[in-house]
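Right, one structure below, let's go through it.
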Amino acid sequence: MLYNRKVEVLAGDAGLTLPKHQKTTGEIEMKFIPYLKNIILTAIILTANGAIAVEYFPSEPGLQFVYSNFPLVIHATDTGGFMRVNCPECEIISYTTFIEGSSGNIFLQSFGSVSSAGPDPDETYFEPDLKYLDFPLEPSKTWSSTATQFDLWGGEEDTITLTGSVLGTEVVSVPAGEFEVLVVALEFEYEALYWLNHTEVLWLHSQLGPVKDLVSWTGIVSTENASWGTVKALYR
């Protein structure tokens, strides 16, 4: 079931206008702004009534992370969700889109890649969205979500089940330092395309989200004492 939805991606100085699937709510346009080499987050302001709190999976636009193999930046989407964009200045950009549900859970909407050398994206999306993280995250908690996976260009459809489990807490050491994390396993199981079955293991820090292979970051607001406006990790 394909519709005419657009995504506009600006990679460096090159603008790429891409067709994209659309859900049944009508035509939606989704954009994410160009990545800027010299972004500096000069301040993140917390107010007494509305602190910007980040917990286990940061979604605030403009946050930047550098991992061992790639940089990553978070962009907002016009659908109310957010994108985690890998290597935003590379020739091939990969991205994953998420949205926060009304109960605070995080849902996986799509993943894909786009090249500055060609206009066509390679994207896979899910209907309905897959429950990616079920909050609150607590040791021994499990959840499951099933959806139909579609390819943007009408490739083979399949039923996919995502099963998540919180394995426990652990102190891990990565290039950015030592962190206490929740270890979360995400098992992706396909009904027909069984060779695509895989398990992802996330090390989730309460402020920074995934920290496996993390080297540095910019612009994180602490969830500790957020009610009185503590700001940590700026300009790191």
**Report entry** Residue tally, condition outside any strand (DSSP E or B) and closer than 18 Å to P58 by Cα, over region 105-130
**Finding:** 1
Report task. Identify all residues within region 194-220 that are buried (at least 21 other Cβ atoms within 10 Å of the Cβ), within 17 Å of F70 (Cβ to Cβ) and of a type in the set (V, I, T); write none if there are none. Result -> V211
**Report entry** Filtered residue count, region 144-170, keeping only those that are loosely packed, with under 15 Cβ neighbours inside 10 Å, of a type in the set (D, E) and either part of a strand (DSSP E or B) or modelled with pLDDT of 95 or more (or both)
**Finding:** 1
Requested in this report: Return a yes/no flag: does region 95-104 have any residue that is assigned to a strand (DSSP E or B) and charged (D, E, K, R).
Outcome: yes
Query raised in the report: Is at least one residue of region 104-121 at pLDDT 90 or above and out of contact with any strand residue (DSSP E or B) (no Cβ under 7 Å at 6 or more places or on another chain)?
Result: yes
Report task. Could you check W195 against (1) within 23 Å of E156 (Cα to Cα); (2) under 17 Å from the mean Cα position of the chain (by Cα) and say which number it fails? Result -> (2)
Report task. Return the total of residues in region 60-91 being touching a residue at least 24 places away in the same chain (Cβ under 8 Å) and in a strand (DSSP E or B). Result -> 9
Report task. Can you confirm whether region 168-184 contains a residue that is within 16 Å of the chain's Cα centre (by Cα) and of a type in the set (A, V, I, L, M, F, W, C)? Result -> yes
Query raised in the report: Does S173 qualify as being in a strand (DSSP E or B), among the polar types (S, T, N, Q), without any contact (Cβ under 8 Å) to a residue 24 or more places away in the chain and out of contact with any Pro (no Cβ under 8 Å at 6 or more places or on another chain)?
Result: yes
Query raised in the report: Counting only residues that are over 20 Å from Q149 (Cα atoms) and either among the aromatic types (F, W, Y) or at pLDDT below 95 (or both), how many does region 183-205 have?
Result: 1
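The values are calculated or read from the model by the stated rules, or taken from the named source; none is laboratory data. Since the structure is predicted, the reported quantities are computational estimates derived from the model, not experimental observations. Here Cβ is always computed from backbone atoms with ideal geometry, including for glycine, and neighbour counts include all displayed protein chains.
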